[in-house]
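Have a look at the structure below, then the notes.
Every number in this text was worked out from the coordinates using simple rules, so none of it is lab data. Just so we're clear, the structure is a prediction, and the values are computed from it rather than from any experiment. Neighbour counts run over all protein chains shown; Cβ positions are idealised from the backbone, glycine included.
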């Protein structure tokens, strides 16, 4: 009797069996899919962000460019004039000095604010709202408040410090420090808010373990808080540095632009002493300075900002 095979030939509709080694077609990975979805938004941001800068760079190559006539091609003459102008380098020094001093003070004060807002104290919500109030106030109003406080008459700052009729905004270093103090008062709460977000990511178990080991508050702050808060510190310093490098409003409101930063000088070259080619060149140089310092900072602290291991 012939044996019946149960694994006979495949029917006419059956396809060939797939080889286990045959390559399988796969869709886009999650990373590739994310790039596809983000590409339009990134392209629009680059267009809106770099477009005006590239246009200003192009216009700076012509003498007295206007909407209807660009004038004669001048090449890099406007840049040569700026780089040999002592006023430009004075504005660079003022901008860098303002950034260094104000950001340092805002970091120290902001860290104190963050520790206070993070503390488990009664009425913490009221404390947080009070600390953040200056940051909520528009800069134009904050500038007017400090302009009023620093005036000779009524001169509340002079009354509090018993300085008589000292003219804070009359010129010199006092005018610079008046703008710095106004900026610190306005922006230190923002730094505190960024650092508070970092503090709240630190597990409480680490503090408890350090307390059990006999660590003092200062030791816990130095060994636990600061190392784990470093990414938030780097981000806060980056945000504030870039913002301070382009400061214009407080100087314009409080001193009528006599604390001459790069932004103030650019505005004056556009409106007060019209020189469109130099104004465009100055805008491009300001962008290069801010972008360059920002990129150097990012590359220096890339691990903390981008979360990279190397």
When only alpha-carbon atoms are used, what values of Rg and Dmax, in angstrom, describe region 71-209?
20.8, 72
Taking the highest mean first, how do the peptides 88-101, 28-41, 281-294 order by number of other beta carbon atoms within 10 angstrom per residue?
281-294, 88-101, 28-41
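Mind ordering 248-254, 117-123, 197-203, 54-60 by average Cβ neighbours within 10 Å, highest first? Write down the numbers at each step before the final one.
Values: 248-254: 21.0, 117-123: 11.6, 197-203: 14.1, 54-60: 17.1.
So the order, starting with the most tightly packed, is 248-254, 54-60, 197-203, 117-123.
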Provide 105, 247 in ascending order of the number of other Cβ atoms located within 10 Å of each residue's Cβ, fewest first.
105, 247
Output for region 167-277 (equivalent-ellipsoid semi-axes, sqrt of 5λ from the C-alpha gyration tensor, Å, descending) is 43, 16, 9
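Most exposed first by the Cβ proxy, i.e. fewest other Cβ within 10 Å, how do 102, 241, 263 rank?
If I rank by nearby Cβ atoms, fewest first, I get 241, 263, 102.
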If Rh is defined by the Kirkwood formula over all Cα pairs and Rg also comes from Cα, what ratio Rg/Rh do you get for region 227-291?
1.13
Please rank 260, 106, 208, fewest neighbouring Cβ atoms within 10 Å first, as an exposure proxy.
208, 260, 106
What is the distance in Å between the Cα centres of region 207-252 and region 97-133?
11
For region 92-305, what does the equivalent ellipsoid look like in terms of its semi-axes, each the square root of 5 times an eigenvalue of the Cα gyration tensor, given largest first in whole Å?
36, 24, 13
